Every structure is written in C-alpha cells, then in structure tokens.
1. Just to be sure I understand the filter: pairs with C-beta atoms under 8 Å, separated by 6 or more residues or on different chains, first member in segment 138-167 and of a type in the set (A, V, I, L, M, F, W, C), second member more than 16 Å from the ligand (Cβ to nearest atom) and in a loop (DSSP other than H, G, I, E, B). Which pairs pass?
2. Could you list, in sequence order, all residues of segment 85-104 that are under 20 Å from the mean Cα position of the chain (by Cα), modelled with pLDDT under 90 and part of a loop (DSSP other than H, G, I, E, B)?
3. Any residue that is at pLDDT 80 or above and out of contact with any strand residue (DSSP E or B) (no Cβ under 8 Å at 6 or more places or on another chain) - is there at least one of those in segment 371-390?
4. Just give me the residues in segment 111-138 being more than 16 Å from the ligand (Cβ to nearest atom) and either open to solvent by 60 Å² or more (accessible area, probe 1.4 Å) or not assigned by TED's automatic domain parsing to the domain that holds Leu267 (or both), in sequence order.
5. Scan segment 275-307 residue by residue and report those that are touching a residue at least 12 places away in the same chain (Cβ under 8 Å), open to solvent by less than 80 Å² (accessible area, probe 1.4 Å), of a type outside the set (Phe, Trp, Tyr) and more than 19 Å from His91 (Cβ to Cβ).
6. Working only within segment 273-294, note down all residues that are of a type in the set (Lys, Arg) and not in a helix (DSSP H, G or I).
7. So, in segment 349-360, of the ones that are under 20 Å from Arg246 (Cβ atoms) and of a type outside the set (Asp, Glu), which residue ends up modelled with the highest pLDDT?
8. Where residues in segment 191-218 are within 16 Å of the ligand (Cβ to nearest atom) and either assigned to a loop (DSSP other than H, G, I, E, B) or at pLDDT 80 or above (or both), which of them is least open to solvent (accessible area, probe 1.4 Å)?
Amino acid sequence: MPPATGAVAYAAAADSPPAAGTVLLGRYELGGLLGRGASAKVYLARDLLTGRSVAIKSFPNPRAAGANAAGAGDRPVAIEREAGILRRLRHRHVVRLHEILATRKKVHFVLDLAAGGELFSLVDASGRMTEDLARHYFRQLVSAVRYCHARGVYHRDIKPENLLLDEAGALMVADFGLGAVATATDGSSLLRHTMCGTPAYVAPEILSRKGYEPAKVDIWSCGVVLFVLAAGYLPFNDASLVNMYRKIYAGRFRCPGWFSPALRDLLRRVLDPDPSARFDADGIVAHPWFRHGASDEELGRLMHGGGEQEEAWFGPAETKADEDDREPTAFDILSFSPGSDLSALFVGAGKERVFVGEPAAAVLARVEAAGRKGGYRVRKDGKRAGGGPVYVEDEEGGGGVVAKVSVFRLADAVSVVEVVKGDGADAALFWTELLEPAVKPPAVS
Ligand code: ADE
C-alpha cells in the first residue's frame, strides 16, 4: 500500500501572502500561499458557503491594462464551451476546476485542494520508489489521462509539479485540460509561465513543430514520469541542453539495471519517438507490466467505475464576474496558446531559444535581413557547425552587440536557434520588432 499522507503536508509550505484574509466575491476566504509559478499563485482558501477548503490559482488577467490584448471575435464563445467541458471533468484522479472568477486585474481558478502535497515527495533517499509503488501511481495517472483523452481533453504539461496527492494519498493530476483550451494567438501562454524549467518532459514531435497529436504528447510525458519515479533520474538528460534535445528527439535512453524486463518493454513503447507507433492509453492498460498483480475487475474499476465522482460538491458549476466589474469575461484567461510557442520554455535572462523545422541558412538569412533593416552591422562568424553565430552590432553606438544568433542542429528537420540579446532598450526593441518575427517560424496550427 502507498503511504498515507496527511493534510498537514502543505502546512510547512504555506506562508503568509499579502492577500491572506481577502474574501473573493463574498465567497472564498484566501489563506496561505501554497505555491507560486512564474505568473500564477496558488492559495489555500475556504469556501465560506460550505466550509470546505479549496485551492485558488490566481493569474494576472491578460486583458488588464498593459497586458497583451487577446483578440475578440467569436473566441470567447469557443473558449466558454471548452471551459464548460473542463468543469464537467469528474475523475477520482483529476483536480477539478469548480469555477472561474474574474476581476479586472485577476482571474482565479477555484480548484479541488490536493492536501497531500506532491507525488514526488514520496520518493526514497535515492530519489526513487519501488516498481510496485511506481505502478500504483502510474495506474492512477493513466486512468486520469485515459478518461480525459476519451473526452477530447489534453493536459500537454504533465510533469512532477502537476502530480499532487489528496489527503488520502491518492494521485491528483492538477490543471488537466487547462492547456487544451488554448487556441489563441496572442502570444501569452500558460506554458510560458509553467514550463520555464526543464523541457525534459516534452515529446520529440513538439520539438519538430510539425503539428502533433496532443494525446500522444501526454502519453510521452507519462512515460518520462514513470521512468523518473522508478529510476530516480530523468531518461533524457545532459549537461548540454542541445544534447538533451538530441536524446529526446532520437528517443535515446537507457534503463537502469534494476528495471524489470516488463517495465523496460513498456517504456520502449511509451517513449517511442515515433508518435504513430507510440502506445496510447489503451495500449498501456493492456500491457503486462501495467496489469501485473491486479485482477481484471480491479483494473476495470480503476479505469472506469473509479472514474466519475458521484456528485459535484458545488452544484452546477458556473462562472461569475465581479459584481461591479463585468468586463472582461472570465474566459479571457483561457485565451492562452500553449504548445505553439516553444520559445516560452526557455525564457532566461537575455536569452531565447526557439525550435525551428527549417535549415539554419534560411533562419540566419532572415536574421541578417532583419539586422540590416534595423540599420545595424551584421557580422557572420560561421564557425559553428549548425550555423552562425551571426552578430548584429550597433556601429553608431560604438559597435556594441545588439544580438548574437546561433543555430544548433538537432536532427535533419530540427534546429534550435539561440538568441543572446544585448543590453539596453535598443536591443530589446530590435528583438520584439524585427528579430523575433524573423527567428520564429510561422506558428503551427
Ligand atoms: N498547487 C497547485 N494546485 C494545487 C491544488 N489544487 N491543491 C493544492 N496545491 C496546489
């Protein structure tokens, strides 16, 4: 049996956020801060109507003054429909989105509270768990993923931070489907904020930007999670990021000696770089490693019966706007576009990395043209095997480097363009106005 975790797991993590004590829309009293992402903060909160504890994830409203304006059109209707689907997802192992509250400045998601902390807190001193325990949680993960996929909902960002536990120690996948509602092209994305860390969980077909099946992308990430749980380290890793992408792209990984033959076999089929050959959720469920030690009846319960919860504890889900602040709609927060803007993965101080599916020469030619158009001197070094670096320099301003652009080849069809931006307002303006459009390939749909 997995260890039971208590509701105290978060007590140490909670601090006193400035918002503590605030009551949202007369209904939710904000408590301690549970977690913080690049743009969202998750608070413990109490539903004053029912007395239940919930988690509230607060984002800056992208429609707020100064934020990237999302387009109007019929998108809110489509997004509303999508959000409706998300709010109807009811699964034992999926953190439920109960409602969305909007104010002019913030958007708040009211979520199930996962009181047991992160799944990865259960690994032992060597950073791993037994194969049996890994199987226990992997089954719950796959059950959640399969349920959502069957309803056309995809996560697209399955990684340890999103795998939480409830107070009874059961796995809860957080934010399921929040990525899937993203169709907008406003450039702001949930991924931009939630995937600033390692891209170690990203499927290879995302790197090639040729379009992808979101279900297969989720399955890949589940495979990486399973590997990490049972091994205690990542399947694709390297001190060099570019080498790491190469390993992901080639699906090159090695299992540790203690993995059973059945687990190795399953991982080969899940971490298959060819998405069309990769297992789907049903393939995983049928695999002997997944079924080991469980009766058909038990698995059936987990995969089907254990799924839908009996009732919504809030009654019909609805979306509210602040009384005196009806615009913008709550659904604006969902106008994100994860999956299409990979550069968001690698935002760092003065550095951007963008995946492209075209030859280095084509990208660098556009960079040169952009540099000249901006009135800068363009100098090619040409030492790198992939392409570049190309230096864009400000002749008038004393020859300072405005941008340095290098291309690293990952595979025939895939490269990483690395842009190191110079300091100063001119360099920043050059990046947004000319260089970024030149570097980024047309978005995939
Ligand atoms: N952190 C992110 N989402 C959470 C949730 N639903 N419950 C607890 N902590 C969280």
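The values are calculated or read from the model by the stated rules, or taken from the named source; none is laboratory data. What you see is a predicted model; the values in this text were computed from it and never measured. So basically every Cβ, Gly included, is an ideal-geometry build from the backbone, and we count neighbours across all protein chains shown. The area values use the complete protein model at the heavy-atom level, side chains included, leaving out ligands, DNA and RNA. Shrake-Rupley method; radii C 1.70, N 1.55, O 1.52, S 1.80 Å.
1. Between residues of segment 138-167 that are of a type in the set (A, V, I, L, M, F, W, C) and residues that are more than 16 Å from the ligand (Cβ to nearest atom) and in a loop (DSSP other than H, G, I, E, B), the close pairs are Cys148/Tyr154; Val153/Ala180; Ile158/Tyr201.
2. Hit for segment 85-104 is Leu89, nothing else.
3. yes
4. Answer for segment 111-138, where residues must be more than 16 Å from the ligand (Cβ to nearest atom) and either open to solvent by 60 Å² or more (accessible area, probe 1.4 Å) or not assigned by TED's automatic domain parsing to the domain that holds Leu267 (or both): Asp124, Ala125, Ser126, Arg128, Thr130, Asp132.
5. Passing the criteria: Pro275, Arg278, Gly283, His287, Gly293.
6. Arg278 - this is the single residue of segment 273-294 that is of a type in the set (Lys, Arg) and not in a helix (DSSP H, G or I).
7. Ala360
8. Looking at the filtered set, the residue picked out is Met195.
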